2 protein chains.
Amino acid sequence: MTHDAFAGLLKRWRAARRLSQEQLALEAGVSTRHLSFLETGKSKPSREMVLRLTATLALALKERNVMLASAGFAPIFTARSLESLELAPVRRAIELLLQKQEPYGAVLFDRCWNVLRMNEGAARLMGCFLDPAHAAPGVATNLVRAILHPSGLRPALVNWVEVAQVALERLERECATEPTDEARRALLEEVRCYPGVDAVGPIAPEGGAPTSLVHLKRGRDEARLFTMLTTIGTPLDVTAQELTIESYFPADEATERWLQGR
Amino acid sequence: MTHDAFAGLLKRWRAARRLSQEQLALEAGVSTRHLSFLETGKSKPSREMVLRLTATLALALKERNVMLASAGFAPIFTARSLESLELAPVRRAIELLLQKQEPYGAVLFDRCWNVLRMNEGAARLMGCFLDPAHAAPGVATNLVRAILHPSGLRPALVNWVEVAQVALERLERECATEPTDEARRALLEEVRCYPGVDAVGPIAPEGGAPTSLVHLKRGRDEARLFTMLTTIGTPLDVTAQELTIESYFPADEATERWLQGR
DNA sequence: GCCGCAATGACGTCGGACGTCATGGGCGCT
DNA sequence: AGCGCCCATGACGTCCGACGTCATTGCGGC
């Protein structure tokens, strides 16, 4: 490593907290010797050491993640993510973003793919292709369930296999990257039990672009959409990074007219 | 860890490549013993081991990052990111996204904050508040330079100090999280030499929300905007995660009218 | 019965994270 | 000049875990 980023960060944060090496070392239960070595880059911290030090420095979660990354470790995640929405300006910006997407659809998800917000266009799509009569509870409010559950969008999804495949693949990938997230893992186990789900292919051949195609058809209504995922914030900023927006665009002229004509 | 994610992933990928433990171990220069332990979760891999194994398995970069994360390590990044744009559907989706944002502004950046694409609204904003006469080269095509360089937006930025602070902070944070990125570090060094930049505060007090306020004024034109960052893809999906979109919304009624009236 | 494959037991090496104690040097304060 | 405070650093030591070698056992298939 050219410049040891962790060393510099640690020094700066300790300075910001106005602690001497000795004080910090004492509080964190670390030897002053080792702390000094860490700040000069002569030693590299273990993951636990990073966590201990950042905890004693009372750093915000986001900062801890930066420190972890600077030392070459994966970030930690949190179970919150709803109250980040309480931040008024973020909330307002999201509202506007969704609104700008009209008449196309756009939906805001949390990291378990629960629907948090939905614009008019998306609501119309849902109303059109999801049979509200016999939708099992929880299916309409969760993207993964909506796609994979037999009473969800599945009857209307012409290319169900592909869509299911990328959805499953993505969920599995997420579970692998954040093994600590129990809720997400539970969701994965749940949908794996749905009929027909175990039949979709195993590891897709290197797939996984941020866009994908969706072909819906129910009665005389038919739409070919392609969708794109975006997440709030930068990938490094973990504040509200669990918030994802999926935007739906018409994939052909017919769908374009159909969307406009409603 | 409840379920060792890395172990399972490794086993699945090896199976997908139709290799026996012995073959893979031989090719990767690892003892069969250790490989077996890794697949049963009895041993945990070092960062280098993960890289060696994923390399011999010829996994895509994205998959390597997933494996790294599942073993608790930070992902690796790549220097490309432009050719991801060549993916036609992604490109098209981005085009549509920017277009939907009209008449508000929206700009697409790469991870060095170079401008890759810009919609009409953003172009108008730029034209209005950036003095093209004496803008130094490279300033108009890079967000960080545009904000921090004296010949950029700085004269028009009423709340320059705050804006500069978050921009600097963000850049520094990024440099810390990805110490390998030389280009980005060079940019940081460059802008640090601009006059007045060293005077902006050090570490901001736990700031860094995904939205921020911008107040622009030049002659009779004045706009108060708030901006939000979104990135393409999910935070875990590294395919094109280096692509960031900044969207500009009016922060008050006057600005709203001013924007519509152009 | 033989073979490919995976698991695993016993044992060894080694590097690095982290500890303890002691020393020396820079800097401010009186 | 003298005294504290803060930091770096030398010379040790401990310990754990990543990873190696060799041999053994158990499994399913031709």
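Over 21 Å between Cα atoms, which of B:LYS11/B:LYS62; A:LYS62/B:LYS42; A:LYS11/A:LYS42 qualify?
Too far apart for the 21 Å limit: A:LYS62/B:LYS42.
On the rotation axis linking copies A and B, which residue of A comes nearest by its Cβ, and by how many whole Å?
Residue with the nearest Cβ, plus whole-Å distance, for chain A: A:THR230, 2.
Between copies, how far does the label point of A:ASP221 sit from its twins, in nm, shortest first, when each point is 7 Å from Cα along Cα→Cβ?
Taking the point 7 Å beyond Cα along Cα→Cβ, the inter-copy spacings are 4.3 nm.
In angstroms, what radius of gyration and Dmax does region B:5-70 have, counting Cα atoms only?
Cα only, region B:5-70: 10.3, 28 Å (Rg, Dmax).
Ranking B:LEU96, B:LEU10 by Cβ neighbours within 10 Å, fewest first, what do you get?
Taking fewest neighbouring Cβ atoms as first place, the list is B:LEU96, B:LEU10.
Choose one of A:TRP13, A:ALA69, A:GLN23: the residue whose Cα lies farthest towards the positive end of the charge dipole of region A:5-70 (beta-carbon charges +1 Lys, Arg; -1 Asp, Glu; about the Cα centre).
A:ALA69
Taking the label point as lying 7 angstrom from Cα along the Cα-to-Cβ axis, what are the distances from B:ARG52 to the corresponding position in the remaining copies, in ascending order and in nanometres?
2.9
Rule-based calculations on the coordinates, nothing more; no lab input. If you're wondering where the values come from, they're calculated on a predicted model, not measured in any experiment. All Cβ positions, even for glycine, are placed from backbone atoms using ideal geometry, and neighbour counts span all protein chains on display.
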